[in-house]
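Structure first, then comments.
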Amino acid sequence: MSVRCLLLLVLFSPSLVFAQTQPASDPRAVTLAAQSIAALTGGIAISDVTLTGTVTWNGTDSGTATMQAVGTGESRVDLALAGGTRTEIRDAQTGVALGQWMAGNDSGYFAMQNCWTDAVWFFPPLGSLSMGSNIVLVYVGQENRSGATVQHIQSYLYQSDSKPHTSATQHDRFFPGRHNLPPGSDHIQRASRYRRDDEPTGRG
């Protein structure tokens, strides 16, 4: 009597077998970021910061601002305006980026896509330039802007559960093209577009 064996072949998708790996940052971008931070801080390690100044809100309301940050994931902005007070809090220390605002008797939470950008947006040494968790730096190349030669780098947030949120979290930065200048002395940052909290999430 012959014995027949049934072979069951199970095919696995490569995406299920192998965990996605965060892309490595470009060494040229990492070098420019480090040089910029050193120029901005004088080479001193900074873990928290408090900034104060004057502010114009929505183009019409003016007053004073106090901006505080602890590490790269926690920040608080307090505005004392002629029309009232406003507070914005960001927290990404737990690995889940959150944001909340309070204005007078009103309050609300930031939409998820508005929490993907730097929590410490007002102080670059504690932003994505410092290469926090899941941040990837990309070297775009040398460009000419407004008659000046600059080095262009980008940063974005990588998340392994889906494709990178490149367009929503991308920051473009431009540094002097001449390497004998301190990169941080002419640092320019263009943040990603801010979305309404009720605007649908876009990934790209």
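The values are calculated or read from the model by the stated rules, or taken from the named source; none is laboratory data. Computed from a predicted structure; not experimentally measured. Note that each Cβ is placed from the backbone with ideal geometry, even for glycine, and that neighbours are counted across all protein chains shown.
Here are the numbers:
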{"read-out": "Which numbered condition Val96 fails, given (1) at pLDDT 90 or above; (2) loosely packed, with under 12 Cβ neighbours inside 10 Å; (3) among the aliphatic types (A, V, I, L, M)", "value": "(1)"}
{"read-out": "First in the stretch 110-137 and of a type in the set (D, E, K, R), second anywhere and outside any strand (DSSP E or B), Cβ under 7 Å, 6 or more apart", "value": "Asp118/Gly127; Asp118/Ser128"}
{"read-out": "Which listed residue is farther than 19 Å from Leu40 by Cβ and in contact with a strand residue (DSSP E or B) (Cβ under 9 Å, 6 or more places away or on another chain), from Ala82, Ala69", "value": "Ala82"}
{"read-out": "Matching option when the condition is in contact with an Asp or Glu (Cβ under 8 Å, 6 or more places away or on another chain) and modelled with pLDDT under 95, among Phe110, Phe12", "value": "Phe110"}
{"read-out": "Test: residue in the stretch 103-112 that is assigned to a helix (DSSP H, G or I) and crowded, with 16+ Cβ neighbours inside 10 Å", "value": "yes"}
{"read-out": "Scan of the stretch 84-102 for residues that are part of a strand (DSSP E or B), within 16 Å of the chain's Cα centre (by Cα) and not β-branched (Val, Ile, Thr), ordered by number", "value": "Arg90, Asp91, Leu98, Gly99"}
{"read-out": "Failed criterion for Leu81 (all others in (1) over 20 Å from Asp118 (Cβ atoms); (2) surrounded by fewer than 16 Cβ atoms within 10 Å (Cβ to Cβ) hold)", "value": "(2)"}
{"read-out": "Residue within the stretch 130-142 that is on the phi < 0 side of the Ramachandran plot, surrounded by 15 or more Cβ atoms within 10 Å (Cβ to Cβ) and modelled with pLDDT under 85 present", "value": "yes"}
